[in-house]
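Okay, structure first, notes after.
The values are calculated or read from the model by the stated rules, or taken from the named source; none is laboratory data. Worth saying up front: this structure is predicted, and the values here are computed from it rather than measured. Glycine gets a Cβ as well: all are built from the backbone with ideal geometry, and neighbour counts include every protein chain shown. These area figures cover heavy atoms from the full protein model, side chains too; ligands, DNA and RNA do not enter into them. Shrake-Rupley method; radii C 1.70, N 1.55, O 1.52, S 1.80 Å.
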Amino acid sequence: MSRPPVRLYVDQPLTVGTVLDLGAEPSSYLTRVMRLALGDDILVFNGRDGEHLAAIVEADRRACRIQSKEMVRAQTSGPDIDYLFAPLKRARLDYMVQKATELGVRRMRPVLTAHTQVERVNLDRMRANVIEAAEQCGVLWLPDVLEPLSLEALLATWDHGRRLIFADEAAPSASPISALSCLGPGPLAVLVGPEGGFSPEERQLLAGQEFVTGISLGPRIMRADTAAVAALSLVNAVLGDWQ
């Protein structure tokens, strides 16, 4: 059985017939890791111009050249969902970024809260994880990785046309599906707080915003990276592109 083509992100414009010169890292990956050679096909995307089937027209470990043969999928952008989160330690942050990409978010932003345990975030590492996850899961867009903000600054500059949904263990409704079903269509954001939860002052600040909806994630206490997957899955199922 033949294996599916390797899928590669390229930060260059894509049109049918385009010839692209790849750098040393992707060239080494194609020739040394994946054992591809002259004439082999790969799938390429750039987050803007759809997905293309391309052939390797020059093969070298230091510099491969590929040419687009055809567009195989037109560009899509997925649901308009932002993911906001209190930063985690390195391995768990990597996991969370990868899963949020797989779940189709458009943008990601670290949010600093009173109980945030990690103050510094490596945005370049986040972007690298976004690319790797997008290559593997088949999405055609790359979520934007935005600069960290404090929760207070985030809410002070919020676009009120975007509904903010946050994971709230004290939500008035025990059913997240019921709470989400009451919301209308439109752009959304999902906020998951730190391991220690939001402070009483932060919870009061969130509750006082007309654009904010708190949802329960059930009777069990989840780690923040698990809560991310649960919250985004619920939102996709009720309001996103899983309907």
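Structure above, values below:
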| read-out | value |
| --- | --- |
| Hits in the stretch 12-57 - residues which are of a type outside the set (Asp, Glu) and in contact (Cβ under 8 Å) with a residue 60 or more places away in the chain | PHE45, GLY47, GLY50 |
| Matching helices (runs of 4 or more DSSP H) fully within the stretch 79-183 where at least 3 residues are within 24 Å of GLN12 (Cα to Cα) and of a type in the set (A, V, I, L, M) | 123-137 |
| Residue count for the stretch 90-124, restricted to those that are within 16 Å of GLY197 (Cα to Cα) and open to solvent by 50 Å² or more (accessible area, probe 1.4 Å) | 4 |
| Residue count, the stretch 1-11 (criterion: charged (D, E, K, R) and touching a residue at least 24 places away in the same chain (Cβ under 8 Å)) | 2 |
| Residue in the stretch 70-83 that is surrounded by fewer than 16 Cβ atoms within 10 Å (Cβ to Cβ), more than 23 Å from THR101 (Cα to Cα) and β-branched (Val, Ile, Thr) present | no |
| Residue match in the stretch 82-100 (condition: at pLDDT below 95 and polar (S, T, N, Q)) | no |
| The stretch 176-223, residues that are open to solvent by less than 60 Å² (accessible area, probe 1.4 Å) and acidic (Asp, Glu) | GLU202 |
| Top-ranked residue in the stretch 1-10 [being modelled with pLDDT under 95 and in a loop (DSSP other than H, G, I, E, B); ranked as least open to solvent (accessible area, probe 1.4 Å)] | PRO5 |
